[in-house]
Amino acid sequence: MALKEITKDIYDVSAEMDELYGKVGTPEREQFRREAYAYCMGQIIHDARKNEKITQAELASRIGAEKSYISKIENGIIEPSVGTFYRLIDALGLRVEIVKPIY
């Protein structure tokens, strides 16, 4: 993706996102956000699984799922439910920390 140059070293990513995926709040932009979120979550699960040196089949067995389900999560095709997400996190020895943002 070629970004719109503002100056020699500054680019307007927001303008490029608006052009490619629609303005914030549009269905197109929301669809892109969901797909990007699923992809990022999948990468986190994939990297954590690799760090633990376990296969997709082993992770699936630990949470009571099929290997293909883990593959779909890691590839960003589907997002796991909250319950499944917590089972994945637990099976990978990770933790979730919920904090209130400081403004």
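Laboratory data are not the source of any read-out in this text; all were calculated from the coordinates shown. Just so you know, these numbers come straight off a predicted model, no measurement behind them.
Annotations for the structure displayed:
- By the equivalent-ellipsoid construction on the alpha carbon gyration tensor, the chain comes out with semi-axes of 33, 16, 14 Å, ordered largest to smallest.
- Pairs of Lys residues in the chain that lie 8 or more places apart, or on two chains, and have C-alpha atoms under 29 angstrom apart add up to 8.
- Subtracting the Cα-Cα distance of residue 72 and residue 34 from 0.36 nm times their residue separation leaves 12.2 nm of extension gain.
- Counting only DSSP H runs of at least 4 residues, each contributing -39500 (n - 2.57), and dividing by the residue count of the chain, the helix-based mean residue ellipticity at 222 nm comes to -18500 deg cm²/dmol.
- Net lengthening on full extension, residue 18/residue 90 (0.36 nm per residue, minus Cα-Cα): 22.2 nm
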